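Asker: Below you'll find the structure I mean.
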Amino acid sequence: MAHHRGGGTGGGVPALPVGSRVAVYSEPGVIRKAEPLGPERCRYTIEFAHSKEVRTFTSPPTAIVPLRGSRERLSAGELVPELDHDVLNEALRLSTIYEFERLVSLSSSRINLEPYQVFAVHQVISRFPHRFLIADDTGLGKTIETGMIREELAARGRADRVLIVAPAALAQQWKEELRQAFNRDYVFYDGPYLRQLMEKLPPEQNPWDRESRIITTLDLAKRAEIRAQLERTHWDVVVFDEAHKLSARRYESKVEPTQRYELAQCLAERTDSLLLLSATPITEIGTPSMPS
């Protein structure tokens, strides 16, 4: 197997962009970070599909091989034999159906959803970009709606990395409900766990890249040093519970953002899907301006 030239041309631009599907020693994974080391070398941080481990490789010498599926081949305009063309065309048709049509995870769900919950999930899934405020009253199942939205996005290959930011009093409740309802395990990042993790990892590795599904507390994430770490990674889905706590302060004609507000803006720029949850009415001035 030939080595892939991991660096690139044009002043060290990575040849393989973040998000590329690749194989390292025949193990499939996704590039989460690419750092050029010069015109011909690059350091890649790769999350592996089966083990969910995140490891770092330098190429060359390590062979980083791009994985090209049916979509990539069609997008590249490759001419293939008629039978292969029919197979690729059918694969593209089916993948499009599952990405953009009905709710595909309902048939395998153990949850009995209320009609208003199905409606909310469908509204989020059928629109893009996903920037939504879910404002059901307390006890009406915002956690379940959020879990179903995540399952739907995951069924479409768009929710591998999920971050849930909640008040400290609700973080463990989120973890238990998601495990019971969807059989999904999330890692809870609090202060002690994060410190232990950082002691074990190399200094250059971001602890927030270590896990794919994370629950953390709002007051931990808003700290300047933690927000700096979060600014160096990307998420498929970010959820803020008790989103009314992300408000800005207004003094006459001046608006002063809080640390929580700035955290929300930071993460909104680094996620494909953003969900704000609140049972409290939110005024226009109190809602963070999220990029579309």
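Asker: Can you put 136, 241 in order of Cβ neighbours within 10 angstrom, beginning with the fewest?
Answerer: With the fewest neighbours first, 136, 241 line up as 136, 241.
Asker: Also: Could you compute the FRET efficiency for residue 232 and residue 126, with r as their C-beta to C-beta distance and R0 at 22 Å, rounded to 0.05?
Answerer: With R0 = 22 Å, the Cβ-Cβ based efficiency is 0.10.
Asker: Mind listing which trypsin sites (Lys or Arg not before Pro) in the stretch 126-174 are in a DSSP loop and have 13 or fewer other Cβ atoms within 10 Å? If you can, show how the numbers build up before the last one.
Answerer: On the way: sites: 127, 131, 142, 150, 156, 158, 161; in loops: 127, 156, 158, 161.
Filter output for the stretch 126-174: 127.
Asker: Output the relative contact order of the stretch 112-286, whole-number percent, from Cα pairs under 8 angstrom with separation of 6+ residues. Provide the component values of the computation, followed by the final result.
Answerer: Details: 254 pairs, mean separation 50.2, N = 175.
Once divided by the residue count of the stretch 112-286, the mean separation gives 29 percent.
Asker: Could you give the nm distance between label points at residue 62 and residue 256, where each point is 7 Å from its Cα heading toward the beta carbon?
Answerer: 4.7
Asker: Moving on. Could you please rank 186, 44, 116, 25, placing first whichever residue has the fewest other Cβ atoms within 10 Å of its Cβ?
Answerer: Ascending number of Cβ neighbours within 10 Å: 25, 116, 186, 44.
Any read-out appearing in this document is the output of simple, stated calculations on the displayed coordinates, not a laboratory observation. In this text the structure is predicted, and so the values were computed from the model without any measurement. Methodologically, a virtual Cβ is constructed for each residue, glycine included, from the backbone with ideal geometry; neighbour enumeration extends over all protein chains shown.
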